[in-house]
Amino acid sequence: MKIYLATGNKNKKREMIQLLPEHEIVIPSDENIAFDPDETGITFYENSLIKAKALYDIVHCPVIADDSGICVDALGGAPGIFSSRYAGPQFMQGKPDGTKISQDEQNKFIISQLNDVIKMGKLPEAQYLHGERSCHYTCAMVLYLGPDRLFVAQETFEGTLINRIEDACGEGGFGYDPIVFLPEYNKTVAQISAEEKNSISHRGKAVRVIQKIIKNL
């Protein structure tokens, strides 16, 4: 089946090809489709649905869209849906002019911000799975087959933020992966193999739910 993936992120396309090898995965830029919808939702699910519907209205073919991000428990779940736009404690939801900072800068900011919160003892009441540095990725994924036919899966991937930016390591993955530590592996997400990541990640778990749905269509 040809499935359009509602993203401009080639790393996400690469992961999706690994997760759904039996299908043809196409992103808008592959076919010179202009695609940049306003993500105005307040949840991962709402943003994934916005993207899925926007692309389906163009291609009228099956679409998979996901919205994902990192949620730091001690920061009240931030940056969450603003993970790609996060620009430090002064711009938690992104800069007013819409410009983005580099991933390296985002990684430095989020570790520094967490360290400041811990140092000041301003931890919100929350369930800390892996202690005060606990975090998780969230992925909401939509399989959109038409206005009246869609399926949703939402999954998480738990870890902990490293203590110092100098401890960031790993060449795999993308985004915040070099600073998210997995206690059970004693490695960062960026240090485990693509196969290992796909077997336990938020996106991998969500895809497997969607995959079962596709098989039963």
Residue 114 fails exactly one of the following numbered conditions: (1) buried (at least 17 other Cβ atoms within 10 Å of the Cβ); (2) touching a Pro at 6+ places or on another chain (Cβ under 9 Å); (3) more than 22 Å from residue 203 (Cβ to Cβ). What is the number of that condition? (2)
Residues within region 23-82 that are over 27 Å from residue 160 (Cβ atoms) and part of a helix (DSSP H, G or I), tallied: 16
Which residues, counting only those in region 102-132, are part of a loop (DSSP other than H, G, I, E, B) and either modelled with pLDDT under 95 or more than 13 Å from residue 176 (Cβ to Cβ) (or both)? 121, 122, 123, 124, 125, 126, 127, 128, 129, 130, 131, 132
Lone qualifier among 152, 142 - being within 19 Å of residue 65 (Cα to Cα), open to solvent by 60 Å² or more (accessible area, probe 1.4 Å) and under 17 Å from the mean Cα position of the chain (by Cα): 152
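The values are calculated or read from the model by the stated rules, or taken from the named source; none is laboratory data. What you are looking at is a predicted structure, and each value in this text was computed from that prediction instead of being measured. No Cβ is skipped: glycine too gets one built from the backbone with ideal geometry, and neighbour counts run over all protein chains shown. Ligands, DNA and RNA are stripped out before the accessible areas are found, and what is left, the full protein with its side chains, is counted by its heavy atoms. Shrake-Rupley method; radii C 1.70, N 1.55, O 1.52, S 1.80 Å.
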